[in-house]
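Data block below; observations after.
A short reminder: the numbers here are calculations on the coordinates, not readings from a lab. The structure presented is a predicted model; accordingly, all values stated were derived computationally and were not measured. Note: ideal-geometry Cβ built from the backbone for every residue, glycine included; neighbour counts use all protein chains shown.
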């Protein structure tokens, strides 16, 4: 499937929000009040890590359910490639992080909370948790990986939906997707809510395939109204939980519909360095927590007291972001080489 630059830009902006909020939560948690208090809440409210996660799940559903003829071999190959990508990224990242924690702690003697956890566990448990994080997609040493299991399962569920017989009408396909989403919520709401959110991506693909039959939903006044509805969903003043996550998923669905149907917005998002940075969004998602943990435990320790806070924080974040981009690029290049070595197509969904 041909990549769209504006979609990759959206991916980067989403992961940037995750990185920025995690960075502030670690070093300046009081700054997160800007997301809750007026007047800054009008701008920042809703632009949280959880919304970015919902956005990623909707995009994943959109790409994973592209129409395919089902064969067991094709589905097994897709599942293996998806699993290999996730496992490879986590294994390399956490292995480097475990070594880096000890080096940084020995030099600067000020490990952050995440690094202290690594040191307190010792090498034996480090190795055990490294394997569990890498191959079971747990989150012992990288809190960001809390949703990696759901990302993997979502890709499989949506892939199967893309393999539904072509003779089924779009309305029937949509009904099946909604039915599966409701069933998953009934079985395990807390765990399956994100899989259900990814099914909104399947509905988005179905809606876009029938856009010619829905001309009213592509007119500028209607698009403006849908954008306003997306903003309301994203900024809903609710506590974290099932309802908020579903609303954020709906907000991402509506926002993507508007972007797909607005040419000037797509052209604007497709410019600059952001599409290229978005190519490495998966790597950024995996590496940013370990990288910032090491940077916080070293560079920030050096800058703290030597520079005022308003200068030390941006410098630390800029260095951390640069290292994240470099590490992500290396990970994607290594995974690409591995895929080519074994003659397997990379997964872009």
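Just subtract the alpha-carbon distance of residue 127 and residue 160 from 0.36 nm times their residue separation and send over the number in nm, one decimal.
Details: separation 33, 0.36 × 33 = 11.88 nm, distance 3.47 nm.
That works out to 8.4 nm of additional length.
For the chain, build the convex hull from the C-alpha positions and give me its volume per residue in Å³. Spell out each step's value before the answer.
On the way: hull volume 52.8 nm³, N = 349.
Spelled out: Cα convex hull of the chain, divided by residues, is 151 Å³.
Suppose the Debye formula is applied to equal point scatterers at every Cα of the range 176-284; what is log10 I(q)/I(0) at q = 0.12, 0.18, 0.22, 0.24 Å⁻¹?
Treating every Cα as an identical point scatterer, log10 I(q)/I(0) equals -0.52, -1.07, -1.25, -1.27.
What length, rounded to one decimal in nm, is gained on full extension from residue 322 through to residue 116, with 0.36 nm per residue of separation minus their alpha-carbon distance? Please report the intermediate quantities before stating the final value.
Details: separation 206, 0.36 × 206 = 74.16 nm, distance 2.39 nm.
Extra length available between residue 322 and residue 116 comes to 71.8 nm.
Compute the long axis of helix 113-136 from its Cα atoms, compare it with the longest principal axis of the Cα atoms of the chain, and write down the angle in degrees, 0 to 90, nearest 10.
The answer is roughly 40 degrees.
For the range 1-144, what log10 I(q)/I(0) values come out of the Debye formula at q = 0.11, 0.17, 0.18, 0.22 1/Å, with one point per alpha carbon and no solvent?
Once normalised to I(0) and log-transformed, intensities are -0.62, -1.15, -1.19, -1.33.
As an exercise, find the ratio Rg/Rh for the range 200-249 from alpha-carbon atoms, using the Kirkwood inverse-distance average for Rh. Let's see the in-between values first.
On the way: Rg = 13.2 Å, Rh = 12.4 Å.
Answer for the range 200-249: 1.06.
Compute the long axis of helix 242-260 from its Cα atoms, compare it with the longest principal axis of the Cα atoms of the chain, and write down the angle in degrees, 0 to 90, nearest 10.
70
Treating only the Cα positions of the range 88-139 as identical point scatterers, give the base-10 log of I(q)/I(0) from the Debye formula at each q in 0.14, 0.25, 0.27 Å⁻¹.
-0.33, -0.95, -1.06
List 23, 317 from most exposed to least, where exposure is judged by having the fewest other Cβ atoms within 10 Å.
Values: 23 21, 317 18.
In increasing order of surrounding Cβ atoms, one gets 317, 23.
Could you list 19, 38 in order of exposure, starting from the residue whose Cβ has the fewest other Cβ atoms within 10 Å?
Numbers: 19 24, 38 7.
Ordered by Cβ neighbours within 10 Å, fewest first: 38, 19.
How big, on average over all directions, is the shadow cast by the Cα convex hull of the range 122-210, in nm²?
Across all orientations, the range 122-210 yields a mean hull projection of 6.7 nm².
Could you tell me how far the Cα centroid of the range 1-79 sits from the Cα centroid of the range 80-101, in Å?
The range 80-101 and the range 1-79 have Cα centres separated by 20 Å.
To the nearest 10 degrees, how steeply does helix 170-187 sit against the main Cα axis of the chain, on a 0 to 90 scale?
40
To make sure I understand, if each residue's beta carbon is the centre and we count other beta carbons within 10 Å, what order do 141, 245 fall in, fewest to most? Kindly include the intermediate steps, with their values, before the conclusion.
Values: 141 25, 245 22.
So the ranking, lowest neighbour count to highest, is 245, 141.
Which semi-axes, in whole Å and largest first, does the equivalent ellipsoid of the range 236-349 have when worked out from the alpha carbon gyration tensor as the square roots of 5 times its eigenvalues?
Largest first, the range 236-349 gives 30, 25, 16 Å.
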